[in-house]
Each structure stands twice: as C-alpha cells, then as structure tokens.
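A short write-up of the structure that comes next.
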Amino acid sequence: MKRIMFRFVAVLWLLVYGSAAHTQLLLKKDAPLHDAVQKVLSALPGQLKTITGTLLADNPQSREYESKVQLPGSLSSSVVQYASVDKKKTIAAWHAVVMEEEDFKTAGKKFRWLYNQLKAGSFQCDGRSIRFTGKYEAPSEDITFTTVMLAQAGDKGKERIELSMQYEVTQWVIRVAVYNEDTETLSLIKNGPGE
C-alpha cells in the first residue's frame, strides 16, 4: 500500500512540477522583446521623455513622436503625449505596431506568442520588480477587435501593457501599448495616436 501511495505521489509531483519546468524550458524569453519593453517601463516615471524622438504629428488632442525604443521586428513605434482634460499635465503612452498580416492564423499565433512572452517576463520599473498578468482572450475571425490587458500581478501598480489585434480593411494589425493607468489615461489612450 505504501509503495502504491509513493508511486502515486511521485507521478503526481512529476505531472505538476515537471510540466511547469517543461513549460518554462519551452517558453524561452525573447531577449530583444524583453529589453525593449524594459526600456519603455524604465522611462514611464519620467513620462517617456528619455525615449521620445522627433515630432511626427501634432494633433489637437495629442502629439505623436518617434520612439527611440523600437520593438524588434515592429513596423513602427511611437510615444504619444496626450493633454490632460484640464491641460495641466501631460499623459504619455508608448505604442508599437508589431504586425500587419492578411492571414488570421499567422496573426493569431503572433498575438498568442506576444502574450506569453510579456506574461512570462520579469521587469524593473522605478526600483520595483514587476511581473504582469492578465487573462488571455483568443482572437476570433468573427470578432474584429481583441484586446488583452496585462497588469501587475496582485494589481500593485499602475503600469499596464495592452496587447490588441484588430481587423483593418484587409489585414489583421497587432499593437502593443505601455502606459500608466488612471481613469483619464484610459479615456485618452484607448484609440491610439491622432484620435
């Protein structure tokens, strides 16, 4: 009886801890992606000023700048500064267009891969170690917009990473946004630059 119980516990242990270790081995962090997001998070306390490049667009509600931090393989990265409702402060967000793809399955795989990489990463911001968590929502060809919000585990801080996949005209567009969350920020950032 003891031998059967020991085998049961050993098999159970291997299934639980062995599969977690196996998953960690399969999910190797993408260093360039992690490094780029780390640079953006490090610049958040200073409203992204250290990574803000040349002015690209001056809109009534926002100013879009070239970002000095580019996500590896992305089509574009920018820092967007939004004027607060009372015009007394500036709210900054970092945006990247990661992929434009006609094939839904290819875009869906990239979306899932980005989610896994961002969720698996450990980042530093303002002297704190941050891990992000958020419920994965699988994109669907029937739904033209999917977004996943990643917040700090335990909801301890305001830093957010938003991953979205949207169908635009003839292709799926995947975007990543990094910002500090508050009610005003969310209302300004949701539609991206130039809105």
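Look at where the Cα atoms of the stretch 124-168 and of the stretch 64-90 average out, and the two centres are 18 Å apart.
Which of the pairs K39/K158; K39/K119; K109/K135; K68/K119 have their Cα atoms more than 22 Å apart in this structure? Distance filter (> 22 Å) returns K68/K119.
Placing +1 on the Cβ of every Lys and Arg and -1 on the Cβ of every Asp and Glu, with no other charges, gives the stretch 29-189 a dipole of roughly 680 debye about its Cα centre. The stretch between D35 and N116 holds 27.6 nm of extra length on full extension. This uses 0.36 nm per residue minus the Cα-Cα distance. When the charge dipole of the stretch 45-175 is built from unit charges on Cβ atoms (+1 for Lys and Arg, -1 for Asp and Glu) and taken about the Cα centre, the candidate among I174, T50, I161 whose Cα reaches farthest toward its positive end is T50. Structural size metrics of the stretch 29-189, computed from C-alpha coordinates, are Rg and Dmax of 15.3, 44 Å.
In sequence order, the stretch 137-149 has phi-based couplings of 10, 5, x, 9, 5, 7, 10, 7, 9, 10, 9, 10, 9 Hz under the Karplus curve 6.51 cos²θ - 1.76 cosθ + 1.60, θ = phi - 60°, and Gly or Pro positions carry x. Under 5 Å from the amide H of V98 lie the amide H atoms of L75, I174, R175, V176, each residue being 5 or more positions distant or on a separate chain, with H modelled from the backbone and absent for Pro and chain starts.
None of the figures in this text is laboratory data; all of them are computed from the coordinates on show. If you're wondering where the values come from, they're calculated on a predicted model, not measured in any experiment. A quick note on method: Cβ atoms are made from the backbone with ideal geometry, for glycine too, and the neighbour counts reach across all protein chains shown.
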